[in-house]
Amino acid sequence: MADAGMAVVQEQFGCSVCLEILKDPVTIPCGHSYCAECIENCWDRGVYSCPQCRETFSPRPALRTNVVLAEVVKKLGKTGLGAASPPTPPPPPPPACCPAGPGDVPCDACPAVKMRAVKSCLVCLVSYCEAHLRLHQEVIPGNRHRLVRADVGRLQEIVCGAHGMPRNVYCRRDRECVCYLCILDGHRGHDTVSTAAERKEKQDQLGMTRGLFQQRIGEKEQELFNLRQAVDSLKSYQSVCACPGAGDLPSFTVNPDASLGAVGTTVHELKRRIADMCKEDLVKISRIVTEAALQSFRIPEPRTRAEFLQYSSQLTLDPKTAHRQLCLSEGNRGVTWSEWTQTCPRLPERFDGCWQVLGREGLSGTRYYWEVEWSGEGAQIGAAYKGIGRKGKGPDCRLGHSDKSWSLTCSGSGCCFWHGNEKTAVTALPTCRIGVYLDHDAGILSFYSVSGEGMTLLHRVQTTFTEPLYLGFGFCGSGAAKGCTPVSSVALCALE
């Protein structure tokens, strides 16, 4: 009933220019009524005509307020029927009789001279002028088709330029909105969902993250307040002078001919040294307090798999870096060792001596988490700077055997960690799924053994990263051992 009543109000007391309830209604000589601002903007273009009946006036008529309509609209506003939803008010659209000019959206339904469109239909993918919009609303009554303000930039964002269909599908791998035909064309096999579902998921994640941050910020503010109170209660340094008793005074003989210049110089030098010592200690204390305050504001590391998954990243492998005996699959998210050498272009970034491949994305400035599954005789899972060696089998090319890379080597008998050509034993046994956590700013790189929702820390690195890191996979041993063992493979896991 409310919708029906609103439709009647809109029909009887609506402005045909802005399509809203009349505001400051005025009546022109032909008898039609409009918002004062709407008809003024129409006539400012030099044509004094009625947007509905097209009657032309000369000279420009003087506008007078329609007192009766103004009182009716005012009463409707008090009852709530005249309260329109608060749209983002664009500039009042021009009348239907204005031809489309440069930068305007032309009406797709006009046969000859294209009039300026005022609305675009996201179902028909057609823009309409005022006259053809009324025909569209008669054919498609109600709100079954969604109408938006005609705008060139907005249409380009909403409609796919390649297929002319709405971009109502989100590709999580490429992080862009596409249409249904794009899924069959350039996004086949990608992880796709509807834009509405992706928006809801991102909003839910944002709400959870915002709540967590607000809680932790409150805790850290309280810790900082306590720390400041502790600092204020400390003295930096205060000289303590104990006056000796009368019986403790030393006896000495004064030489009236002695000079006090040397004594003054010594005292002055002693005072300078004491002042320098105090300054150095004050600087140390200030640095310690500052570091403690900054550390108190830092968000703690994740502890559960659910917290790690908040930093999950959809990463891919770079085929330009893959050794010719490595075959990429699953949209460049999996790699398998092959006994056969593939025919690939010789590129400077390709490994030609080590069975290795690097990721496509450079990781820096924030936190990342990804999980991989490995199988076969053995695999290397790690990260490296872009400057790692690519040619030959020397230590500077192998993951973990230089100061430019870090690697966890996994096999059926256990695992170990490599960095700077130094091997570190790992006591815990790895599972077939390994989780990798990177906090680039904090210099943390951790490897976990993942089993269901449980996580076991295998090794943790605390250092300073000087440039972006790239994830790296490698294969060790004799590869597939010519059918004696399963073919070695590593694949990035899809994290929900």
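Accessible area of region 28-68 with a 1.4 Å probe: how many percent of it is carbon plus sulfur? Looking at region 28-68 in its full context, I get 48 percent from C and S.
Below 12 angstrom from the Cβ of residue 114, what's the summed charge of the other residues (Lys, Arg +1; Asp, Glu -1)? Residues near residue 114 contribute -1 overall.
Between residue 313 and residue 273, what FRET efficiency comes out of the Förster formula 1/(1 + (r/R0)^6) with R0 = 51 Å and r the beta carbon distance, rounded to 0.05?
Values: r = 55 Å, r/R0 = 1.08.
FRET efficiency, residue 273 to residue 313: 0.40.
Computed about the Cα centre, the dipole magnitude for region 392-435 is approximately 140 debye when only Lys and Arg (+1) and Asp and Glu (-1) carry charge, each at its Cβ. Cross-link partners of residue 271 among lysines, defined as those whose alpha carbon lies under 21 angstrom from its own and excluding same-chain residues fewer than eight positions apart: 235, 279, 284. Please name whichever of 347, 317, 369 sits farthest to the positive end of the charge dipole of region 307-462, dipole taken about the Cα centre and charges placed at Cβ: Lys and Arg +1, Asp and Glu -1. Result: 347.
Stokes-Einstein, applied to the Kirkwood radius of region 161-237 over Cα pairs at a viscosity of 1.306 mPa s and 10 °C, places its translational diffusion at 97 µm² s⁻¹.
The values are calculated or read from the model by the stated rules, or taken from the named source; none is laboratory data. Model, not experiment: these values are computed from the prediction. All Cβ positions, even for glycine, are placed from backbone atoms using ideal geometry, and neighbour counts span all protein chains on display. In case anyone asks, the SASA skips ligands and DNA or RNA and just uses the protein heavy atoms, side chains included. Shrake-Rupley method; radii C 1.70, N 1.55, O 1.52, S 1.80 Å.
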